[in-house]
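Student: Before anything else, here's the structure in question.
The values are calculated or read from the model by the stated rules, or taken from the named source; none is laboratory data. Remember, it's a predicted structure, so these values are computed and weren't measured experimentally. FYI the Cβ positions are ideal-geometry reconstructions off the backbone, even for glycines, and counts take in every protein chain you see. Quick note on the areas: whole protein, heavy atoms, side chains included, nothing else; ligands and nucleic acids left out. Shrake-Rupley method; radii C 1.70, N 1.55, O 1.52, S 1.80 Å.
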Amino acid sequence: MRIAKSTIQFVAVLVITLFSYSSFANQPHSEDKEFSATDLINSHIGDSHEFHIADWNGHPISLYLPVILWTENGLKVFSSSRFHHDNAGVEIVEVDGEQFVRYKEVIYYADKYAQITDEKDKSGLNFAARPLNFSITKLVFSMMLSVIILFLLFTAVARSYRKNKMAPKGLAGFLEPLVIYVRDEIAIPNIGTKQYAKFMPYLLTVFFFVWINNMMGLIPFFPFSSNLTGNIYFTFVLAFITFAITTLNANKAYWGHIFAPPVPKALYPIMWPVEIIGMFTKPFALMIRLFANITAGHIIILSLISLIYIFKTAMISPVSIGFVLFMSVLEMLVAALQAYVFTLLSALFIGQAVAEHDHH
């Protein structure tokens with residue numbers, strides 16, 4: 001009975017998730033405009049200055065986030081609602097005498113944007129035409145939300161340990177095996193019994209932080225639905241933190257292996273570039289692995305949903321729904337797996353840097 005009940009609940013959640021995903025296709029557009037799967041996918045996997053929640057009688061319902069700009073004349077703060085959903089550089093917003101436009105979620109000075117004629121200069125890399133943007137975007141909002149969730153989860157667990165001196169129950173009973181697993185199966189084997197303890201806070205934080213954000217990205221309705229771990233800037237920062245911890249804690253044996261590798265000295269000019277490049281390819285692999293795996297899953301699911309609107313027939317929906325259900329289950333596994341892999345590789349790189357000489 002318990003298995004049957006759990007199966008029904010699980011299928012119900014997946015069905016709700018499926019229909020929630022289909023609501024993404026109901027973005028505001030003119031009647032004569034063809035449905036664009038590319039626009040749908042890009043709008044979901046990219047960042048945004050607002051949350052599109054639903055449509056009511058043809059009108060979008062959104063949560064508008066604050067736009068915070070540092071301009072040539074100082075700080076400017078206003079609501080993203082002033083762009084009126086425009087993302088094509090048409091709507092001009094005037095704040096304290098300065099005018100701005102938004103093009104593909106990048107905010108430009110209106111006068112400098114008007115002078116841009118090359119589409120390549122509208123890619124967001126034309127920093128001379130842009131103010132510094134410190135806005136609370138959808139991804140920033142989701143990151144803050146995940147931090148709050150982490151804080152509440154582990155505060156509740158700590159409170160339960162103070163009250164219950166026996167075997168952990170409830171939430172503590174669920175999280176304790178995960179914490180022990182990270183310690184016994186990731187930290188200790190890769191870092192060693194003597195030094196693992198000081199790296200445990202980081203490894204536990206990155207494991208649960210990545211996992212929670214991966215799962216939040218699979219829930220396609222407000223206040224979730226953002227693709228934070230599929231953003232390459234976010235994965236770059238995580239990988240850089242691992243790189244910084246590895247480099248700052250590296251011992252003499254680690255640096256000796258790089259600058260005095262166990263090869264004939266005549267080969268040093270060849271080995272030095274190889275070893276130094278290897279220092280950077282490790283965090284680069286961390287960054288790309290998490291970004292690519294999470295983004296690919298979102299693209300596949302949204303592409304399958306888009307088939308219904310591309311072919312404009314319900315006949316394709318059983319095939320689309322079947323594959324989406326399968327991919328949703330698979331992505332739940334990938335969400336945990338990528339958190340595990342990122343934590344494992346971080347521990348491995350740290351362990352290589354702090355290992356004693358006889359371990360090389």
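Student: Tell me which residues, restricted to segment 99-111, are open to solvent by less than 60 Å² (accessible area, probe 1.4 Å) and either free of Cβ contacts under 8 Å to residues at least 40 places away in the same chain or touching a Lys or Arg at 6+ places or on another chain (Cβ under 6 Å) (or both). Give the steps one after another, and end with the answer.
Tutor: Looking only at segment 99-111, we keep the residues that are open to solvent by less than 60 Å² (accessible area, probe 1.4 Å), and these are 100-103, 105-110.
Hits for segment 99-111 are 100, 101, 103, 106, 108, 109, 110.
Student: Kindly indicate whether residue 261 is touching a helix residue (DSSP H, G or I) at 6+ places or on another chain (Cβ under 8 Å), without any contact (Cβ under 8 Å) to a residue 24 or more places away in the chain and assigned to a loop (DSSP other than H, G, I, E, B).
Tutor: Numbers: touching a helix residue (DSSP H, G or I) at 6+ places or on another chain (Cβ under 8 Å): yes; without any contact (Cβ under 8 Å) to a residue 24 or more places away in the chain: yes; assigned to a loop (DSSP other than H, G, I, E, B): yes.
The answer is yes for residue 261.
Student: Could you look through segment 42-87, keep only residues that are β-branched (Val, Ile, Thr) and more than 20 Å from the chain's Cα centre (by Cα), and pick out the one that is farthest from residue 141 (Cα to Cα)?
Tutor: By that ranking, first place goes to 71.
Student: What is the number of the single condition among (1) over 28 Å from the mean Cα position of the chain (by Cα); (2) in a helix (DSSP H, G or I); (3) closer than 29 Å to residue 351 by Cβ that residue 316 does not meet?
Tutor: Status for residue 316: all satisfied but (3).
Student: So, one more: Looking at segment 55-84 only, could you name the residues that are on the phi > 0 side of the Ramachandran plot and at pLDDT below 85? Before you say what the answer is, go through the steps one by one.
Tutor: Taking segment 55-84 and keeping what is on the phi > 0 side of the Ramachandran plot, we get 57-58, 74, 84.
Result: 57, 58.
Student: Ok, one more. Looking only at segment 272-307, how many residues end up being farther than 23 Å from residue 206 by Cα and surrounded by fewer than 20 Cβ atoms within 10 Å (Cβ to Cβ)?
Tutor: Residues flagged as farther than 23 Å from residue 206 by Cα and surrounded by fewer than 20 Cβ atoms within 10 Å (Cβ to Cβ) within segment 272-307 amount to 10.
Student: Can you tell which of 186, 219, 191 is β-branched (Val, Ile, Thr), open to solvent by 40 Å² or more (accessible area, probe 1.4 Å) and touching a residue at least 60 places away in the same chain (Cβ under 8 Å)?
Tutor: After applying the criteria, what remains is 219.
Student: State whether the residues of segment 241-253 include one that is open to solvent by less than 70 Å² (accessible area, probe 1.4 Å), over 17 Å from residue 348 (Cβ atoms), assigned to a helix (DSSP H, G or I) and not β-branched (Val, Ile, Thr).
Tutor: Residues of segment 241-253 open to solvent by less than 70 Å² (accessible area, probe 1.4 Å): 241-247, 249-251, 253.
Narrowing the set further to residues that are over 17 Å from residue 348 (Cβ atoms) leaves none.
Within segment 241-253, not a single residue is open to solvent by less than 70 Å² (accessible area, probe 1.4 Å), over 17 Å from residue 348 (Cβ atoms), assigned to a helix (DSSP H, G or I) and not β-branched (Val, Ile, Thr).
Student: Identify the residue in segment 80-98 that is over 16 Å from residue 131 (Cβ atoms) and among the polar types (S, T, N, Q) and, among all such residues, is most open to solvent (accessible area, probe 1.4 Å). It would help to see each step written out before you state the result.
Tutor: Applying the first criterion (over 16 Å from residue 131 (Cβ atoms)) to segment 80-98 yields 81, 84-88, 90-91.
Okay, now just the ones that are also among the polar types (S, T, N, Q), so 81, 87.
Values: 81: 39, 87: 57 Å².
Checking each candidate, the answer is 87.
Student: Which number in (1) modelled with pLDDT of 90 or more; (2) within 26 Å of the chain's Cα centre (by Cα) marks the one condition that residue 122 misses?
Tutor: (1)
Student: Mind counting the residues in segment 55-71 that are farther than 18 Å from residue 102 by Cβ, open to solvent by 60 Å² or more (accessible area, probe 1.4 Å) and either part of a strand (DSSP E or B) or touching a residue at least 24 places away in the same chain (Cβ under 8 Å) (or both)?
Tutor: So the count comes out to 4.
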